[in-house]
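For reference, the structure discussed in these notes is given below.
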Amino acid sequence: MSEKRRFLLAGHAGFYNRGCEAIVRTTTPLLRERFADCEIALSSNDADNDRLNSTAAGLDVLDVRVPRWSPRWVVRQTYRAIGEAAPSLWLSGQVVEAISRADAVVQIGGDNFTSDYALGPESPLIAVNRLALANSRPLVFWGVSVGPFASPETEELVLGHMRRAALITVRESISGDYLREHGVVDNVVPVADTAMLLEPEPVDLSGFWPATEHVLAVNVSPLSCRYREDGEIDFGLEVAQAAIREVLARDGWGALLLPHVMGKPGNDDVAYMSRVLQRFGGDSRVRLAPGTLDCAGAKHVVSRCDALVAARTHATIGGFSSGIPTISLAYSRKSHGINLDLFGHRNWLLDIVRMSDPSEIVAPLRALLQQRVQLRAHLEERSAEMRNAAAAGADALAEVLGGRPAR
């Protein structure tokens with residue numbers, strides 16, 4: 001009988017983010033297919049809520065956080081006062097124990113190792129890497145985008161861990177090129193995001209579907225505008241409004257606002273896009289999807305639409321993998337890389353960080369709608385290729401760990 005494998009999935013924020021949910025929901029079946037009867041633990045920043053989610057079935061959900069005023073927290077603060085605290089003190093005891101027992105520690109947060117996050121000796125993300133390497137546990141970066149980084153010190157810290165990793169699967173070519181330029185090559189495998197494999201699950205649309213024949217789905221987020229130099233958080237609302245006004249000028253068209261991250265103050269798509277809905281004064285052609293949809297339900301909703309404009313990366317992945325013509329409102333390199341890999345160009349991408357006027361959405365949206373039949377055919381043609389690429393990481397991991405042979 002083969003040895004039962006243990007995996008720790010790290011770098012997970014919480015299922016309140018439908019992208020995080022989609023990654024877990026598609027990664028765990030890949031692991032179970034390659035490693036029969038494996039045990040999977042999930043380190044989470046929102047463990048109490050995550051345990052209530054159906055995606056957590058069969059997973060050991062561990063709280064990564066160290067409670068304030070706990071003995072571990074007090075020891076950490078004491079060490080910080082005189083120098084650097086050990087990496088184990090930045091993680092809960094149960095996560096530290098899971099790292100020591102794991103056959104592989106898998107960093108699943110797709111863009112965690114970019115300048116979008118504060119990375120340094122006091123980051124739990126870095127602490128996981130350091131402990132895995134110190135315990136000689138295979139460290140895996142799973143479906144990641146990488147760099148750029150805020151400082152040379154952070155860049156060298158992260159790349160140093162990646163050079164020692166057992167495996168890095170990169171989900172888009174810009175990150176692959178970045179790693180190659182920095183001499184990280186031998187342990188790198190190109191893949192697609194595992195969320196490409198997410199199967200939609202039908203939901204009742206009657207309570208929120210626009211009263212129109214054709215529907216444009218729109219997703220904007222406060223996070224995407226946080227990186228703008230002018231600090232104009234409401235810019236995304238203006239972009240959404242411009243896109244919706246464009247489709248409402250067409251016979252038989254309406255718009256559905258589709259949230260992707262919910263329940264976090266300052267980063268809640270429902271609260272943010274509710275303000276867009278208010279600007280259309282109860283027009284039945286403009287509706288807001290409920291924040292209660294899970295990632296599979298949200299993908300079903302997207303699959304019923306005619307086109308999509310989205311800021312959240314996994315919202316666009318839901319569109320791409322459903323064959324829906326999609327414009328990405330990019331705020332980091334991950335969207336640039338995914339668009340280049342899918343289309344060979346960035347014609348269907350706008351950098352929302354550098355846009356100067358919300359009306360810039362109008363011309364590409366008009367072109368997208370005019371070409372939506374051809375774009376749908378292109379995405380459907382790429383579907384099998386995308387799914388195979390999304391599964392390739394599990395094949396590579398099986399080779400590294402000596403699991404089930406690749407298909």
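The values are calculated or read from the model by the stated rules, or taken from the named source; none is laboratory data. Source: prediction; values computed, not measured. Neighbour counts are summed over all protein chains in view; Cβ atoms, including those assigned to glycine, are modelled from backbone coordinates with ideal geometry.
Structure notes:
- Every residue from segment 131-153 that is in a helix (DSSP H, G or I) and surrounded by fewer than 21 Cβ atoms within 10 Å (Cβ to Cβ): 133, 134, 152, 153
- Some residue of segment 64-76 being out of contact with any strand residue (DSSP E or B) (no Cβ under 9 Å at 6 or more places or on another chain), part of a loop (DSSP other than H, G, I, E, B) and of a type in the set (Ser, Thr, Tyr): yes
- Residue pairs whose Cβ atoms lie under 9 Å apart, sitting 6 or more positions apart in sequence or on different chains, and linking a residue in segment 165-179 that is farther than 21 Å from residue 344 by Cβ to a partner that is among the aromatic types (Phe, Trp, Tyr) and modelled with pLDDT of 95 or more, are 165/141; 167/141; 167/142; 168/141; 168/142; 169/141; 169/142.
- Scanning segment 33-48 for residues that are part of a helix (DSSP H, G or I) and at pLDDT 95 or above gives 47, 48.
- Taken together, the residues in segment 321-353 that are under 20 Å from residue 175 (Cβ atoms) and more than 18 Å from the chain's Cα centre (by Cα) amount to 6.
- Complete set of residues in segment 350-387 that are within 22 Å of residue 190 (Cα to Cα) and either loosely packed, with under 14 Cβ neighbours inside 10 Å or modelled with pLDDT of 95 or more (or both): 378, 379, 380, 381, 384, 385
- Out of 95, 61, sole residue that is touching a residue at least 24 places away in the same chain (Cβ under 8 Å), assigned by TED's automatic domain parsing to the domain that holds residue 16 and either of a type outside the set (Ser, Thr, Tyr) or not in a helix (DSSP H, G or I) (or both): 95
- Entry remark, segment 64-111: residues being among the polar types (S, T, N, Q) and more than 12 Å from residue 43 (Cβ to Cβ) number 5 in total.
- Residue check for residue 105: within 20 Å of the chain's Cα centre (by Cα), modelled with pLDDT of 95 or more and either surrounded by fewer than 17 Cβ atoms within 10 Å (Cβ to Cβ) or not in a helix (DSSP H, G or I) (or both): yes
- Among the candidates 84, 33, 21, the residue that is closer than 21 Å to residue 398 by Cα and among the charged types (D, E, K, R) is uniquely 33.
- Selected residue (criterion: surrounded by the most Cβ atoms within 10 Å (Cβ to Cβ)) from residues of segment 208-254 that are within 14 Å of residue 307 (Cα to Cα) and of a type in the set (D, E, K, R): 246
- Index of the failed condition, residue 127 passing every other in (1) buried (at least 22 other Cβ atoms within 10 Å of the Cβ); (2) part of a loop (DSSP other than H, G, I, E, B): (2)
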